[in-house]
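Where a number appears in this text, it was derived from the coordinates with a stated rule and is not lab data. Computed from a prediction, not measured in an experiment: that's the story for all the values here. Cβ placement follows ideal geometry from the backbone for every residue including glycine, while neighbour counts extend to all protein chains displayed.
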Amino acid sequence: MAELTVDNLHLTYGTNPILKGVSMVLNRGEVVSLLGPSGSGKTTLLRAVGGLESPHKGKISIGEKVVFDGEKNLEVPAEDRNLGLVFQSYALWPHKTVADNVAFGLKLRKVSSADIATRVQKALDELSLGHLAQRYPHQLSGGQQQRVAIARALVYNPPVILMDEPLSNLDAKLREEARAWLRELIVEMQLSALVVTHDQAESMAMSDRILLLNNGVIEQQGTPQQMYDNPQTLFTADFMGSNNRLPGKVSQMQDGRALLEGPGWKLWGRSRDSTKSGADGTGMIRLERVKVANGPGENRIEPELTTSMFLGDKWEHVFHLGDTTLRAHTAGALQKGKHWLEIPRDDLWVF
Amino acid sequence: MATPAGALQRTASPLPAFATWRALTILVTATAVLGPLSLILYQSLLTAPFFDASKQLGFGAYDFIFRDPDFWKALRNSFLISTGMTIIAVPLGGLLAFVMERTDLPGKRWFEPFILVPSFVSPMVLSFGFVVAAGPVGFYTVWFQELFGVEQAPWGLYSITAMAVIAGLTHVPNVYVYATAALKNLGSDVEEAARVAGASPLRVALEVSLPLIMPSMLFSAVLVFFLGIELFGLPLVLGDPEGILVMATYLYKLTNKLGVPSYHLMAAVAVCIVAITFPLVLLQRRLLQGARKYATIKGKAGRMKELPLGKWAWPAAALLGLFVFVTVIVPISGIALRAFVTNWGFGVNLSEALTLESFRFVWHEPTHVRAIVNTVLIGVVGGALTVACYTAIGFANHRRNDGWTRFLDYLVLVPRAVPGLLAGLAFLWVFLFFPPLTPLRTTIFSVWLAYSVVWLAYGMRLISSSLMQVSPELEEAGRSVGATRGTISRQITLPLIRPGLLASWLLVFMIFEREYSTAVYLLAPGTEVIGAQLVSLWQGGAIDIVAALSLINIVLVGIGLGIALRFGVKLRD
């Protein structure tokens, strides 16, 4: 069942269009992340759902209840939407204790004070914050503040919880732990969550489905595996991972395959919807799919290794083939000079 | 080779010029501030006026006023009114600041000058406006009675409650300016978080935004309470019919209590007032520093987004509209009408009663014309001189951190604690006490000097905020190429703060147009200014002339306000 439905949403700042017709559905118990570069409109979409931005066209429903309808000029104010929102900055109220921060939403819902006390304590205990109830936000670490912000958004059981870059305010090290912890929490509590992030690894780790936004429209959506392994556009392919780009010309197409030709090389790859025979094309392959081969063969090229970097768990090598730069990973070190690289035909997308 | 080396040596040597000049500035300031005050203290310890041969040292004056039941009544009234107006002005000012600074109320920018008007119009004029607009036979009272066919309007102006309400309303701008400055530094995320949690805009204001600027609210509460103790024009006009006295009006009415000038009694009352106000000023200073610290802690707040009001736009607009109507439109339209009407009451048709009679009278009366000319002069020329003096003091303190800086910091605060009425009195005595100064007594110089000292703290805030905007690197760069402090001040800092000084001049102009109480005791042939003239005419009951002069005064302030708005001068910090 759809907890949240967004239909053809448009939003403009002055004359600058931010959202140009976005549609999406969030089902119960599902985590959807809004992914995209800065300026793509992902935060604006989240805020529009929360009632903090005013779209001018389209429709937003939470469960059965329509909260925005451009045609009917209907806009339910933020406070009447009953959503939970975790802010990027956490936005904890500095003059209220942790317990009062969490209790505020319940107080506004006219919950009896005895109930408030038990529910606040329960929410804090669930997030292992029980012992910090009487502290003020500035007395907490970044990770603790984040958990208070989540407790505050969850305590009144909103049907959907919105999270705006929930991990971006944490240190790099803490972020990975928090990511695992947050995914576990969401799954355990069976939350329906919409999460904004600009980090593709974070979005893949945390969500059941990803909506990739580009320039105010949804570029592609799907499960993390679909997004990573089967991108439909160059933008998606580029955004979802680390890639090698091979510019060339598409000379042949057959059975979902395309032959890409560059100066001195020919490679078969999978064609995409936009691929046209005879036109310029771009080959894309994930760094980790490029293999070092021991000699010439099908779909192999012979570039020159110029730089090698040790990354701890692997090596990264930079190759040059004419004007094109390629990068590849190996477990061990490589000698300088020419090497054969295999570009598996199933892993090369031709756009 | 010799010339550049010599030149360098000259500029690098510690020239005494700046130090001498600084010492002189500090000395003059200290004399202007402390001289009159010590004279008040001295006079309060005499048993008769200082020029009286029979004077003796003693506590007779204190003894007399402490036995006077009117003194205690006045003290009680002052505290009642101060408390009442604080209770009204602080929440209202906070809410208006929230609406103006944080919400998306359409057309709100248009309202801002109106909210600030009460702080630019003389309280004497505003109170008079309330009398002619909403007093027993005021325009709005009569219209209300005719419209609803009632015998009596459901309000009255001549009670302590009414005075507290009117004083509360007219002091809303004092809260407003500090609250908006603090709200500016607040990130909108905390408000949005409350919104999403289910809070209406009113709840957001009361539970999140205003509590977060508590230090500033507390500061303005103390400020308003303090201004309540100082009140003079308002209780003079509104308290008179029922004989309600507050501290300042008690002092004013003491003048001839014993039949002869009772300077010693007035001085004793003055010392009592300062004993109440000075601790309040020190408290304000502490609170203001606290508020600034708080603001910088909050400073990291991210982008600002106006809170959408939705259906709450109506109550917000109503609050704003009602405030502006009651506090600004009613009194000022009352004066504007009254100035063109010489007889007004029930059954008078307004369109038939309109006349220029009052203005003609003002025009033919030399003292009134002189009052107008003097008021313009003291604002324009006097204002410029005052800003020049304040700037000199500002430079004496600029980027210095020694004992003298702290001394000057406190020194400029001292006049803040002295209500204008007392300062005027003190300067009157200075001019009488020191024979060399006596010839200046009947010149406008006496009024200018008193004004400049009374507004020292306000003016120094304007100047130092301009000076603070000059980045220290610009001055350090000057020093590194070999300029002396004096040269840097004249050739680098001063040109850079010129726009700030012009803005200060304009603000000082408006303040000087508005000022009235300081000139009350200095009023003499030759020193007339509109403000003091109004007090004297009001005492004499010349309502028509008071209305005409009040309107002229409002127009003068309005011109200043218009120029300020035209050139985008910030009317608040």
Self-check item: Ellipsoid equivalent to segment A:1-144 - semi-axes via the Cα gyration tensor, in Å
Solution: 32, 18, 14
Exercise. Compute the separation of the alpha-carbon centres of segment B:460-522 and segment B:45-99 and state it in Å as a whole number.
Key: 35
Practice problem: Restricting things to alpha carbons, find the Rg to Rh ratio for segment B:444-573 using the Kirkwood radius for Rh. | Solution: 1.13
Quiz prompt | Using distinct alpha-carbon pairs, which all enter the 1/r mean, Kirkwood radius of segment A:65-144 in Å | solution = 14.5
Quiz prompt | Potential lengthening between B:Leu283 and B:Trp21 on full extension [0.36 nm per residue; Cα-Cα distance subtracted] | solution = 91.1 nm
Quiz prompt | Estimated distance in nm for a label pair at A:Val66 and B:Trp363, the labels positioned 7 Å out from Cα along Cα-to-Cβ | solution = 6.7
Self-check item: Vicinal HN-Hα couplings computed from phi for segment B:142-153 (Karplus, 6.51 cos²θ - 1.76 cosθ + 1.60; Hz; Gly/Pro x)
Solution: 5, 4, 4, 5, 5, 5, 9, x, 9, 6, 9, 6
Quiz item: What list do you get for B:Met217, A:Met1, A:Met204, B:Met163 if you sort them by fewest beta carbons within 10 Å?
Solution: A:Met1, A:Met204, B:Met217, B:Met163
Self-check item: Cα-based Lys pair tally, chain B, threshold under 26 Å, eight or more apart or on separate chains
Solution: 20
Quiz item: Of all the C-alpha pairs in chain A, what % are more than 25 Å from each other?
Solution: 61
Exercise. Count, for each residue of A:41-50, the Cβ atoms from other chains sitting within 10 Å of its Cβ, then give me the mean as a whole number.
Key: 1
Quiz prompt | DSSP bridge orientation in chain A - percent antiparallel, rounded to nearest 5 | solution = 80
Quiz item: Cα to Cα, under 22 Å, and not fewer than 8 places away if on the same chain: which lysines meet these conditions relative to A:Lys122?
Solution: A:Lys96, A:Lys107, A:Lys110
Exercise. Using DSSP to define loop residues, name the trypsin sites (Lys or Arg not before Pro) in segment B:466-517 whose beta-carbon has at most 12 other beta-carbon atoms within 10 Å.
Key: none
Practice problem: Rank the residues A:Met309, B:Met100, B:Met460, A:Met227 as a footprinting-exposure proxy: fewest other Cβ atoms within 10 Å of their Cβ go first. | Solution: A:Met309, B:Met100, B:Met460, A:Met227
Quiz item: Going through segment A:60-150, which GluC sites (Glu not before Pro) have at most 10 other Cβ atoms within 10 Å and a DSSP loop state?
Solution: A:Glu64, A:Glu71
Self-check item: Lys, Arg +1 and Asp, Glu -1 on Cβ, resulting dipole of segment A:31-96 about Cα centre, debye, nearest 20
Solution: 160
Quiz prompt | Column: log10 I(q)/I(0), Debye, Cα scatterers of segment B:158-286, q = 0.09, 0.10, 0.23 Å⁻¹ | solution = -0.41, -0.48, -1.27
Quiz item: Using the alpha-carbon atoms, what tilt in degrees (0 to 90, nearest 10) does helix A:142-154 show relative to the longest principal axis of chain A?
Solution: 60
Quiz item: If you wrap a convex hull around the Cα atoms of segment B:100-203, how much volume per residue is inside, in Å³?
Solution: 161
Quiz prompt | Volume in Å³ per residue [convex hull over Cα atoms, computed for chain B] | solution = 183
Self-check item: Placed amide H near A:Gly281: partners under 5 Å, 5+ positions off or other chain
Solution: A:Gly248, A:Lys249, A:Val250
Quiz item: Can you give the average number of partner chain beta-carbon atoms within 10 Å of each beta-carbon in peptide A:103-111, as a whole number?
Solution: 3
Quiz item: Taking N as the number of residues in segment B:481-523, what is its Cα Rg relative to 2.2 N^0.38 Å?
Solution: 1.84
Quiz item: What residue among A:Ala172, A:Ala153, A:Ala258 has the largest mean-square fluctuation in a Gaussian network model of chain A, using Cα springs under 10 Å?
Solution: A:Ala172
Exercise. Could you work out the Kirkwood radius for segment A:272-350, taking every pair of different alpha carbons, averaging 1/r and inverting it, reported in Å?
Key: 13.5
Quiz prompt | Loop-resident sites, segment B:367-414, for trypsin sites (Lys or Arg not before Pro), counting at most 14 other Cβ within 10 Å (DSSP) | solution = B:Arg400
Self-check item: Kirkwood-type radius of segment A:122-190, with distances r between different C-alpha atoms, in Å
Solution: 12.7
Practice problem: Measure off 7 Å from each Cα along the Cα-to-Cβ vector at A:Leu311 and B:Glu242, then give the distance between these two points in nanometres to one decimal. | Solution: 8.3
Self-check item: Virtual paramagnetic centre 7 Å along Cα→Cβ of B:Met468, amide N under 20 Å, in segment B:210-239
Solution: B:213-224
Quiz item: For A:Val196, which sequence-distant residues (separation of 5 or more, or a different chain) have an amide H within less than 5 Å of its own amide H, given hydrogens modelled in the peptide plane?
Solution: A:Leu34, A:Met163, A:Asp164, A:Glu165
Practice problem: Please give the calculated 222 nm ellipticity per residue for chain A, where each DSSP H segment of at least 4 residues contributes -39500 (n - 2.57) and the sum is spread over every residue; nearest 500 deg cm²/dmol? | Solution: -7000 deg cm²/dmol
Quiz item: For B:Phe114 and A:Asn157, what is the calculated FRET efficiency with R₀ set at 30 Å and r taken between the beta-carbons, to the nearest 0.05?
Solution: 0.05
Quiz prompt | Geometric extent, Cα atoms of segment B:312-434 - Rg, Dmax (angstrom) | solution = 23.3, 69
Practice problem: Please work out how much length the chain gains when fully extended from A:Lys266 to A:Lys110, using 0.36 nm per residue of separation minus the C-alpha to C-alpha distance, in nm with one decimal. | Solution: 49.2 nm
Self-check item: Distance between modelled label sites at A:His131 and A:Ala172, nm, 7 Å Cα→Cβ extension
Solution: 3.1
Exercise. Binning at 10 Å from 0, report for the protein assembly as shown what percent of all alpha-carbon pair distances ends up in each bin.
Key: 2, 10, 15, 16, 14, 14, 11, 8, 5, 3, 1, 0, 0
Practice problem: At q = 0.20, 0.26 Å⁻¹, work out log10 I(q)/I(0) for segment B:184-254 with the Debye formula, treating every Cα as an identical point scatterer and leaving solvent out; two decimals please. | Solution: -0.79, -1.07
Self-check item: Convex hull (Cα only) mean projected area of segment A:90-241, reported in nm² to one decimal
Solution: 10.0
Quiz prompt | In sequence order, calculated HN-Hα J values of segment A:69-81 (Karplus, 6.51, -1.76, 1.60; Hz; x Gly/Pro) | solution = 9, x, 5, 8, 6, 9, 9, 6, x, 3, 5, 9, 8
Quiz item: Rounded to two decimals, what ratio of Rg to Rh does segment A:1-54 give with C-alpha atoms and a Kirkwood Rh?
Solution: 0.97
Practice problem: Just order B:337-348, B:134-145 by mean Cβ neighbour count inside 10 Å, highest at the front, would you? | Solution: B:134-145, B:337-348
Exercise. Using 0.36 nm per residue of separation minus the Cα-Cα distance, give me the extension gain between B:Leu496 and B:Ile329 in nm, one decimal.
Key: 56.2 nm
Practice problem: Taking the dipole about the Cα centre of the protein assembly as shown, with the C-beta of Lys and Arg at +1 and of Asp and Glu at -1, give me whichever of B:Phe130, A:Leu9, B:Leu411 is farthest to the positive side. | Solution: B:Leu411
Practice problem: Collect residues whose amide H, placed 1.01 Å from N in the peptide plane, falls under 5 Å from the amide H of A:Leu85; neighbours closer than 5 in sequence don't count. | Solution: A:Leu162
Quiz item: Based on the Cβ-Cβ distance of B:Phe434 and B:Tyr458, what FRET efficiency does E = 1/(1 + (r/R0)^6) give at R0 = 45 Å, to the nearest 0.05?
Solution: 0.95
Self-check item: Packing-based ranking, highest mean first, of B:561-569, B:148-156, B:36-44 given that Cβ atoms within 10 Å are counted
Solution: B:36-44, B:561-569, B:148-156
